[in-house]
Amino acid sequence: MYLGIDTNTGLVYEGLGAPDMPAIPTPSIAQAKLIEKDSDWDDLPRGLWSSPLAWVFREDSFDPVTRTRRGRLYEPQPGQGQPNEQAVSPHPYEDPLVRQLGREGRAIKRMNTFTACNPLLLLTQQGQGMTLALGSSRAASGWRILQTEALANGCVMVTLKSLSAFGILPAIDYAKIDEPFRPAVREAIERVLNSAFRESGISVVDHCRAALTVLLSRWLVQSGHEDAKTLATDLGELAKKTEGRAMDCVGKAAQIVARLHVRGKPNEQHAKGLRAPLEGDAEFALHAVGLAIRDFGWAV
């Protein structure tokens with residue numbers, strides 16, 4: 001199955017032998033890149049003109065509740081320059097009166113052409129569990145490949161799960177936080193959001209540990225449980241200060257994040273035979289930050 005994108009109008013064409021039939025309604029298409037290492041985020045596609053050899057994702061459905069997308073993945077058509085000329089059937093959105101017909105009832109269009117992304121099928125587990133970035137260097141989102149299927153028409157269908165931390169961390173109502181504490185809280189949360197699912201598990205855990213330290217210390221002082229000296233206290237000690245209080249769950253979660261932080265140190269891994277924090281551990285740390293925001297009553 002082939003896909004073509006008209007470089008002049010952006011209209012989309014498809015077909016089994018060539019991308020010569022209008023795709024109606026026009027599907028949502030984004031450039032895509034498989035993220036195999038952290039530095040891949042710095043080398044995302046820059047649009048069809050600048051990065052014509054990038055993969056593209058054609059969305060078929062999106063569920064905002066489960067944050068999943070389902071669609072077809074394509075690679076640039078081998079052996080074809082990008083863009084190239086294709087003879088296509090007139091597109092009803094562009095030429096409803098069929099005035100642009102050429103020889104044999106076809107119109108000539110200059111387009112970028114793609115075919116089913118078979119390289120994905122050659123990867124371990126057909127890429128399932130890997131991260132796929134959708135978008136461009138201007139703005140992109142991260143998605144986990146949950147399922148890969150080869151359809152009867154040759155297309156490669158993938159089911160994706162959002163990795164955005166914006167779906168995990170609740171928005172903060174900064175009016176509920178004392179004004180002197182707002183800059184530190186805002187900076188800590190922004191660091192967490194910027195690192196989530198884009199950096200290594202160790203790095204995300206470190207940012208979450210720092211955020212929990214800021215959140216816990218500011219809440220303890222703002223609520224009158226502790227004095228200003230607490231602002232310089234380490235996370236482990238802060239977690240102990242919640243024992244017997246309503247925020248005990250936050251304290252327990254913070255203690256686990258503190259231990260995950262220690263696991264990220266090579267000397268601790270060697271001395272105690274510990275494994276380094278992985279993405280699943282980083283996701284737990286993110287949820288711990290979200291728990292703190294909600295329990296403190298700072299969520300919108």
- What single numbered condition from (1) more than 25 Å from ALA276 (Cβ to Cβ); (2) exposed (fewer than 13 other Cβ atoms within 10 Å of the Cβ) fails to hold for THR230? (2)
- Query: Restricting attention to the range 234-248, does a residue exist that is among the basic types (Lys, Arg) and under 22 Å from GLU187 (Cα atoms)?
  - Reply: no
- Over the range 276-297, the set of residues part of a loop (DSSP other than H, G, I, E, B) and under 25 Å from GLY142 (Cα atoms) is ALA276, PRO277, LEU278
- Does the range 93-111 contain at least one residue that is loosely packed, with under 12 Cβ neighbours inside 10 Å, in a helix (DSSP H, G or I) and in contact (Cβ under 8 Å) with a residue 12 or more places away in the chain? yes
- Message: Going residue by residue through the range 158-177, is there one that turns out to be outside any strand (DSSP E or B), closer than 23 Å to LEU48 by Cβ, assigned by TED's automatic domain parsing to the domain that holds ALA23 and touching a residue at least 12 places away in the same chain (Cβ under 8 Å)?
- Response: no
- Message: Name the residue that is farthest from PRO90 (Cα to Cα), counting only residues in the range 19-63 that are aromatic (Phe, Trp, Tyr) and surrounded by 17 or more Cβ atoms within 10 Å (Cβ to Cβ).
- Response: TRP41
- Query: Assuming THR242 fulfils every condition listed in (1) modelled with pLDDT under 90; (2) farther than 22 Å from ASP173 by Cβ; (3) buried (at least 17 other Cβ atoms within 10 Å of the Cβ) apart from one, which condition is it?
  - Reply: (2)
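Residues checked against (1) over 28 Å from GLY129 (Cβ atoms); (2) hydrophobic (A, V, I, L, M, F, W, C); (3) within 31 Å of the chain's Cα centre (by Cα):
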residue	(1), (2), (3)
LEU238	yes, yes, no
GLY244	yes, no, no
CYS249	yes, yes, yes
GLN255	yes, no, yes
ARG259	no, no, yes
ARG263	no, no, yes
ALA271	yes, yes, no
GLY280	no, no, yes
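The values are calculated or read from the model by the stated rules, or taken from the named source; none is laboratory data. Model, not experiment: these values are computed from the prediction. For neighbour counting, all protein chains shown are included, and Cβ atoms are generated from backbone atoms with ideal geometry for every residue, glycine included.
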